[in-house]
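S.K.: Structure in structure tokens, see below.
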Number of protein chains: 2
Amino acid sequence: MQQYLPQVLENRQKGLKAISTPERLLLGPGPSNAHPDVLRAIARPPVGHLDPFYIELMGEVQELLRHVWQTQNRLTLPMSGTGSAAMEATIANSVEPGDKVLVAIKGYFGNRLSDMASRYQAEVVHIEKEWGQAFSLDEIEEALVLHRPAILAMVHAETSTGVLQPMEGIGDLCRKFDCLLLLDTVTSLGGVPLFLDEWKIDLAYSCSQKGLSCPPGLGPFSMGPRAEEKLTKRKGKVPNWYLDVSLLNQYWGSNRVYHHTAPVNMNFGIRESLRLLAEEGLENSWNRHKASASRLWDGLERLGLRLHVDESLRLATLTTVVIPEGVDGKAFSNHLLNKHGVEVGGGLGSLAGKVWRIGLMGYNSTDENVDYILNLFEMELPSFQK
Amino acid sequence: MQQYLPQVLENRQKGLKAISTPERLLLGPGPSNAHPDVLRAIARPPVGHLDPFYIELMGEVQELLRHVWQTQNRLTLPMSGTGSAAMEATIANSVEPGDKVLVAIKGYFGNRLSDMASRYQAEVVHIEKEWGQAFSLDEIEEALVLHRPAILAMVHAETSTGVLQPMEGIGDLCRKFDCLLLLDTVTSLGGVPLFLDEWKIDLAYSCSQKGLSCPPGLGPFSMGPRAEEKLTKRKGKVPNWYLDVSLLNQYWGSNRVYHHTAPVNMNFGIRESLRLLAEEGLENSWNRHKASASRLWDGLERLGLRLHVDESLRLATLTTVVIPEGVDGKAFSNHLLNKHGVEVGGGLGSLAGKVWRIGLMGYNSTDENVDYILNLFEMELPSFQK
């Protein structure tokens, strides 16, 4: 059959050159630089998503993820999307229409959880803290007593503020009030102490491009037995096909039923990044992040800069620095990027224009990088101060 | 504040070795082998997702995607997930609760569209053809008259059967009956003639790992003005945050509002793969796919094998070969993989155990690969025939 074919439109980008990317030291809120071995792994020729080699690799990734999260959860796997996809997966697989979801908001990503939960027809209620604060156990308990939610959703490490939420006791409260505990660990996984099982976290998600030293593109996800039970008992199908864990479980579980074509090269990468982290040792990685963050904090204060978060709540992976009076924060960070190839983040939401965000995550969390950025601040900032 | 820290559990995969992947020639339904330049692009160190360099690259990717799809659609972008995520994006952004969606099913992926649409509360109706057939224009018209759907969803190139659906006239019918036309172009994009605008397609999706010679992990998506109008007018929010085009448009559009951290390395890859395709020339690529498919079909028939699809409907990118009586198809394809590192697919659904699926897609669509696989069939198949 000869088909009628229209005229092919010309390519308007004729002569586009082969890709060439700039060198960047990524000291913002993420992505962070990837480990060179991880980049090499990602560049290996793909294999089939049902190849016996790949099936074995999937098992390795799951087991390594369980280790870095300190969990035995069977349903632990990387979602085939970024951290936000994994975030949505925790909501989509746990929320049933009409469920009350209590979101503890103390920054940008609490608001996102709230938006997502409402799209899955949750009845969303909030407690809020100023951006830069954390919740006390009493505040959590009071809200659980008042709202009696089915799910409490909160952020362990707030990338928008640089606050680390203390987790002791929250899991016990959630069990007491028969509520699932859903935790954002995007900026904590691999970088700061995190114990899913000991802390009684029922649902957690993270990303590949921060503490794991892998490029962005995968969203680690974990679901414990209590959340799995809720999923099993739900009346309707999960209203999201791509992120439906009951389907994904058939591919990642022993029956290997085709669901979608896995992003195999990204999984080569996360396998290597998790292996390197396990090789370093989880506690060694936490200690390295803590040491380089302390060095950064001391250095910034020595330069007369003020940190936004009280030391007791400060996050080792991300530091918010108050932009001094009279300084155009955006102009300074643009200068660092354009002149030195160094990325530092700006503020989000209520902190827009008020802070810089300096990330020291995974591969980038080193004394050398700290000294380099401190030196840049020391040399370059004065000319931006009026 | 000194936190109480539990004992860190031991890594159960101590001593796991650095990654080493097998060499594969991927002649199955996908993923296909990636172009070496694309793999090199993916391995470049990441940059920030709001870096001026990356913003420019996003524009290039969009314009190159428009070219390969032959469309002027403003809302043309790669979803940050695999082809299945882009598939779900077309449904999530167009279906409103109660909308009637007519799915034309002639293989596995029609069924998937139907499952997805029902999760978005569509009233789903079907027309069906045997696996290996295509729909006639009369059959489509009859169904449109009968059902008066809001959306007609169908598959251009059925990866499960190897059928290419003729598209002439279907777009006009959909306009006549005031219905959106949603098309799966997963196995056609880059490999066979495809004209979104001329064919009046309102919504389309594809993948990165077939005709584009990139690894799996991105899902090209395109939405025309009629679908955009339906999106703008919808009452509630899109019930999927990650795939919500009204949010994504703010990041991919000129205001660059942060939505999620883009999978920057995969986008380096698709930019290169699309550039290489434009450099070869779209029509040259279509002709190359056609020539190597014809060579494969002739060769297989010369070996006495039967093809499942009538020549008039055969897809150049994927060929279904009837497994001869008495041959254990799975044992043969396992042998090809284990002894020769060559992947050939098996049948899905009603074709399980009945056909092999041979893909000649993108970088892999060459005379050399055709001769190689024909030679393997000639040398190895006889010992599997009883």
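S.K.: For the stretch A:134-162, how many residues are under 19 Å from the mean Cα position of the chain (by Cα), assigned to a strand (DSSP E or B) and either farther than 24 Å from A:Pro29 by Cα or within 14 Å of another protein chain (Cβ to nearest Cβ) (or both)?
M.R.: So the answer is 3.
S.K.: Quick check: is even one residue across the stretch B:191-199 in contact with a strand residue (DSSP E or B) (Cβ under 9 Å, 6 or more places away or on another chain), among the aromatic types (Phe, Trp, Tyr) and away from chain A (no Cβ under 13 Å)?
M.R.: Scanning the stretch B:191-199 turns up no residue that is in contact with a strand residue (DSSP E or B) (Cβ under 9 Å, 6 or more places away or on another chain), among the aromatic types (Phe, Trp, Tyr) and away from chain A (no Cβ under 13 Å).
S.K.: Taking the criterion of being closer than 13 Å to A:Phe109 by Cβ, within 14 Å of another protein chain (Cβ to nearest Cβ) and either part of a loop (DSSP other than H, G, I, E, B) or among the small types (Gly, Ala, Ser) (or both), would at least one residue in the stretch A:167-176 satisfy it?
M.R.: no
S.K.: With the requirement that a residue be closer than 21 Å to A:Arg112 by Cα and without any contact (Cβ under 8 Å) to a residue 60 or more places away in the chain, what does the stretch A:171-183 give you?
M.R.: The answer is A:Leu181, A:Leu183.
S.K.: Select from the stretch B:7-59 the residues that are under 25 Å from A:Ser333 (Cβ atoms) and either touching a Ser or Thr at 6+ places or on another chain (Cβ under 8 Å) or in a loop (DSSP other than H, G, I, E, B) (or both) and list them in ascending order.
M.R.: The answer is B:Arg44, B:Pro45, B:Pro46, B:Val47, B:Gly48, B:His49, B:Leu50, B:Asp51, B:Phe53.
S.K.: Then there is this: Please work out which residue is farthest from A:Ala92 (Cα to Cα), limiting yourself to the stretch A:235-282 and to residues that are among the charged types (D, E, K, R) and in a loop (DSSP other than H, G, I, E, B).
M.R.: Per the stated criteria, the residue is A:Arg256.
S.K.: Just one of A:Ser285, A:Ser254 is polar (S, T, N, Q) and within 25 Å of the chain's Cα centre (by Cα); which is it?
M.R.: Step by step, each of A:Ser285, A:Ser254 is checked, and only A:Ser285 is polar (S, T, N, Q) and within 25 Å of the chain's Cα centre (by Cα).
S.K.: Give B:Lys339, B:Lys290 a once-over and let me know the one that is more than 29 Å from B:Met79 (Cα to Cα) and not β-branched (Val, Ile, Thr).
M.R.: Step by step, each of B:Lys339, B:Lys290 is checked, and only B:Lys339 is more than 29 Å from B:Met79 (Cα to Cα) and not β-branched (Val, Ile, Thr).
S.K.: Continuing with this model, one more query. Tell me yes or no: at least one residue of the stretch A:60-76 is part of a loop (DSSP other than H, G, I, E, B), over 27 Å from A:Gly190 (Cα atoms) and within 8 Å of another protein chain (Cβ to nearest Cβ).
M.R.: no
S.K.: Follow-up. Counting only residues that are hydrophobic (A, V, I, L, M, F, W, C) and either part of a helix (DSSP H, G or I) or in contact (Cβ under 8 Å) with a residue 40 or more places away in the chain (or both), which one in the stretch A:116-133 is nearest to A:Gly347 (Cα to Cα)?
M.R.: Restricting to residues being hydrophobic (A, V, I, L, M, F, W, C) and either part of a helix (DSSP H, G or I) or in contact (Cβ under 8 Å) with a residue 40 or more places away in the chain (or both), the top hit is A:Trp131.
S.K.: Could you please tell me which pairs satisfy a Cβ distance under 8 Å, a separation of 6+ or placement on different chains, a first residue in the stretch B:215-236 that is outside the structural domain of B:Lys200 (by TED's automatic domain parsing), and a second residue that is charged (D, E, K, R) and in a loop (DSSP other than H, G, I, E, B)?
M.R.: Partner pairs satisfying both residue conditions: none exist.
S.K.: Next question. Report whether or not B:Glu56 is modelled with pLDDT under 95, on the phi < 0 side of the Ramachandran plot and more than 7 Å from every other protein chain (Cβ to nearest Cβ).
M.R.: No; evaluated as a whole, the condition is false for this residue.
S.K.: If you don't mind, another one. Out of curiosity, is A:Gln2 assigned to a loop (DSSP other than H, G, I, E, B), at pLDDT below 95, surrounded by fewer than 21 Cβ atoms within 10 Å (Cβ to Cβ) and more than 9 Å from chain B (Cβ to nearest Cβ)?
M.R.: Against the criterion (assigned to a loop (DSSP other than H, G, I, E, B), at pLDDT below 95, surrounded by fewer than 21 Cβ atoms within 10 Å (Cβ to Cβ) and more than 9 Å from chain B (Cβ to nearest Cβ)), A:Gln2 qualifies.
S.K.: Please tell me if A:Leu360 is under 19 Å from A:Gly30 (Cα atoms), touching a strand residue (DSSP E or B) at 6+ places or on another chain (Cβ under 6 Å) and not assigned by TED's automatic domain parsing to the domain that holds A:Asn111.
M.R.: When the stated conditions are applied, A:Leu360 does not pass them.
S.K.: Considering only residues that are in contact with a strand residue (DSSP E or B) (Cβ under 7 Å, 6 or more places away or on another chain) and facing another protein chain (nearest Cβ under 7 Å), which ones fall in the stretch B:17-45?
M.R.: Those that are in contact with a strand residue (DSSP E or B) (Cβ under 7 Å, 6 or more places away or on another chain) and facing another protein chain (nearest Cβ under 7 Å): B:Arg24, B:Leu26, B:Gly28, B:Gly30, B:Asn33.
S.K.: Mind checking whether some residue in the stretch A:43-56 is assigned by TED's automatic domain parsing to the domain that holds A:Val238, surrounded by fewer than 24 Cβ atoms within 10 Å (Cβ to Cβ) and over 25 Å from B:Asn33 (Cβ atoms)?
M.R.: no
S.K.: Where residues in the stretch B:254-266 are more than 8 Å from every other protein chain (Cβ to nearest Cβ) and free of Cβ contacts under 8 Å to residues at least 40 places away in the same chain, which of them is farthest from A:Gly30 (Cα to Cα)?
M.R.: So, considering only residues that are more than 8 Å from every other protein chain (Cβ to nearest Cβ) and free of Cβ contacts under 8 Å to residues at least 40 places away in the same chain, the one farthest from A:Gly30 (Cα to Cα) is B:Ser254.
S.K.: Residues that are at pLDDT 95 or above, within 11 Å of the chain's Cα centre (by Cα) and more than 15 Å from A:Gly81 (Cβ to Cβ): which strands (runs of 3 or more DSSP E) entirely in the stretch A:179-224 hold 2 or more of them?
M.R.: In the stretch A:179-224, A:180-184 are the strands (runs of 3 or more DSSP E) which contain 2 or more residues that are at pLDDT 95 or above, within 11 Å of the chain's Cα centre (by Cα) and more than 15 Å from A:Gly81 (Cβ to Cβ).
S.K.: Which of the numbered conditions does A:Val370 fail, given that it passes all the others? Conditions: (1) closer than 16 Å to A:Trp297 by Cβ; (2) modelled with pLDDT under 95.
M.R.: Going through the list (1) closer than 16 Å to A:Trp297 by Cβ; (2) modelled with pLDDT under 95, A:Val370 breaks only (2).
S.K.: Also: Considering (1) at the interface with chain A (Cβ under 10 Å from one of its Cβ atoms); (2) surrounded by 23 or more Cβ atoms within 10 Å (Cβ to Cβ), say which one B:Ser118 fails and leave the rest.
M.R.: With (1) at the interface with chain A (Cβ under 10 Å from one of its Cβ atoms); (2) surrounded by 23 or more Cβ atoms within 10 Å (Cβ to Cβ) applied to B:Ser118, the lone miss is (2).
S.K.: Go through the stretch B:265-312 and report how many residues are aromatic (Phe, Trp, Tyr) and closer than 30 Å to B:Pro46 by Cα.
M.R.: Total meeting the criteria: 1.
S.K.: Another one. Can you tell me which residue is surrounded by the most Cβ atoms within 10 Å (Cβ to Cβ) among those in the stretch B:87-108 that are out of contact with any Leu (no Cβ under 9 Å at 6 or more places or on another chain) and within 14 Å of chain A (Cβ to nearest Cβ)?
M.R.: The selected residue is B:Val95.
S.K.: Could you tell me whether B:Asp138 is farther than 29 Å from A:Pro239 by Cα and of a type in the set (Asp, Glu)?
M.R.: Judged against the criteria, B:Asp138 is a match.
S.K.: Can you work out which of the residues in the stretch B:1-56 that are without any contact (Cβ under 8 Å) to a residue 60 or more places away in the chain and of a type in the set (A, V, I, L, M) is nearest to B:Leu77 (Cα to Cα)?
M.R.: Residue satisfying both the conditions and the ranking: B:Ile19.
S.K.: Taking A:Thr82 as the residue in question, decide whether it is more than 8 Å from every other protein chain (Cβ to nearest Cβ), within 14 Å of the chain's Cα centre (by Cα), surrounded by 23 or more Cβ atoms within 10 Å (Cβ to Cβ) and of a type in the set (Ser, Thr, Tyr).
M.R.: In short, no.
S.K.: Scan the stretch B:293-342 for residues that are away from chain A (no Cβ under 14 Å) and either assigned to a helix (DSSP H, G or I) or within 18 Å of B:Phe384 (Cα to Cα) (or both) and report the count.
M.R.: Number satisfying all stated conditions: 25.
S.K.: How many residues are buried (at least 24 other Cβ atoms within 10 Å of the Cβ) and within 11 Å of another protein chain (Cβ to nearest Cβ) when one looks only at the stretch A:219-253?
M.R.: Of the residues in that region, 5 qualify.
The values are calculated or read from the model by the stated rules, or taken from the named source; none is laboratory data. All values derive from a computational prediction rather than experimental measurement. Cβ: placed from backbone, ideal geometry, glycine included. Neighbour counts: every protein chain shown.
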